[in-house]
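The values are calculated or read from the model by the stated rules, or taken from the named source; none is laboratory data. Just so it is clear, the structure is predicted and the values come from calculations on it, not from any experiment. With ideal geometry, Cβ positions are generated from the backbone for all residues, glycine too; neighbour counts draw on all protein chains shown. Note: accessible area is taken over every heavy atom of the protein model, side chains too, but ligands, DNA and RNA are not part of it. Shrake-Rupley method; radii C 1.70, N 1.55, O 1.52, S 1.80 Å.
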Amino acid sequence: MSTQWINRIMETAALRGVSGREHQAAKALCEQLKQFAPDAVCRDGSVIGHIGAGEGKPRLMLCAHLDQVGFFVTDITKEGFLRIGAVGGVDRRLLPGQPVAVMGRNGELFGVISILPPHLTKGDEAVPDTEQLCVDLGFADADAVKAQVALGDAVYFAPKPMQLLGGRVTAPALDDRCGVAAVMGAAEQIAALPEDALPCAVTIVFSAQEERGSRGARLAALEEHPDIAIAVDVTFAMSYGEKPYGCMELGKGPAIGISSTLDEALSQALICTAAAAGIPYQKEIMPDGTGTDADWLALAPGGAAAATVSVPLQYMHTPVEVVDCGDVEQTAALLAAFAGRCRDL
């Protein structure tokens, strides 16, 4: 695993962008994407750019969501604590005692989610409802807090991305910044192809608000009219104590989705592409919906053939998500290889 890929994934995961507050992450990713898609713009919280001329060519969309789960400030107590509400499916079992960052008026403020000592809790009180949680920033009263924090400010898990052993990294926002890193890597490879060697017109989308109903992907599909749309997201990976049924494995390559909501021929084309290019892959069977942007990308005007390519991830929607960087690199390779042969599919 190259240092370049590890750094790319960690740097992408470090960006701030809770659903509905994606502007910081979107701005940074837009500037990066312009290296490969000079027309890249931020639009409605998402980032959209194009590679290759589109006349007479199929339109391929590669879409990874840039938003992350987190919280909004919902109240400031008279004692100077922040009450918070979850944005997205946050695992509340892990919240008490977690370090967090609040995006205040003058930048980030660091605090902790308050927690009662174990000898003062009883039964279910050890796992409080989200609305019972408070953030302690260290202020002594509400006036001091209100000078720097407003209702509606975004709150993030504070742990920084860290490199683990074996080419793996951990960070709070790897869902879906590892997918963003993979699509960015694919864009770099696709942009390096000669114009006449690229059989499709490629649209790169880093979509907003996937965690809150895929609003960014829906708008992108309406505006861009893709013929083929691939959602690049994460999926559940095996971890200690889990049953292998329904879980992928870290280090075994990207997971290609098989679902009643996905285009069967496109899923098979991705499998054939991986096999032809010697890229390891896994099959993810989702009989019903996928729970990703792909469910909405298929509804582009005129219809789009939709598929998923997912990076196996442990501990989803927690401060300690884990991916294997090799899986992310192989995901990028698969997307680039597919773009290079999609006219033949």
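Among the listed pairs K252/K283; K57/K283; K27/K160, those whose Cα-Cα separation exceeds 22 Å are K57/K283.
Give me the base-10 log of I(q)/I(0) for segment 166-303 at each q in 0.17, 0.18, 0.20 Å⁻¹, Debye formula, one uniform scatterer per Cα, rounded to two decimals. After summing over all Cα pairs, the log10 values are -1.13, -1.28, -1.58. The spread of Cα positions in the chain, taken along each principal axis and listed from longest to shortest, comes to 65, 42, 38 Å. Note on the chain: with charges restricted to the Cβ of Lys and Arg (+1) and Asp and Glu (-1), its dipole about the Cα centre is near 360 debye.
Of the GluC sites (Glu not before Pro) found in segment 228-311, the ones in coil according to DSSP and having at most 12 other Cβ atoms within 10 Å of their Cβ are E242. Taking all protein chains as present, what is the carbon and sulfur share of the accessible area of the chain, in % to the nearest whole number, probe 1.4 Å? Answer for the chain: carbon and sulfur cover 53 percent of the accessible area.
The angle between the Cα long axis of helix 174-191 and the main principal axis of the chain comes to about 30°, on a 0 to 90 degree scale.
Under the rule a/c < 1.5 gives rounded, and otherwise a/b versus b/c splits prolate from oblate, where does segment 1-101 land using the Cα gyration tensor? Judged from the Cα gyration tensor, segment 1-101 comes out prolate (a/c at least 1.5, a/b above b/c).
Averaged over its residues, the chain has an accessible area of 43 Å² per residue, based on protein heavy atoms and a 1.4 Å probe. Across the options G167, I84, F236, the greatest Cα extent toward the positive end of the charge dipole of the chain (unit charges at beta carbon of Lys, Arg, Asp, Glu) belongs to G167.
Under a 5 Å amide H cut-off, with hydrogens placed 1.01 Å from N, V18 pairs with Q68 among residues at least 5 apart or on other chains. Answer rounded, prolate or oblate for segment 200-281, using the Cα gyration tensor with square roots of eigenvalues a ≥ b ≥ c: rounded when a/c is under 1.5, else prolate when a/b is larger than b/c, else oblate. Verdict is oblate for segment 200-281.
The shape of segment 270-345 comes out oblate: with a ≥ b ≥ c from the C-alpha gyration tensor, a/c is at least 1.5 while a/b does not beat b/c.
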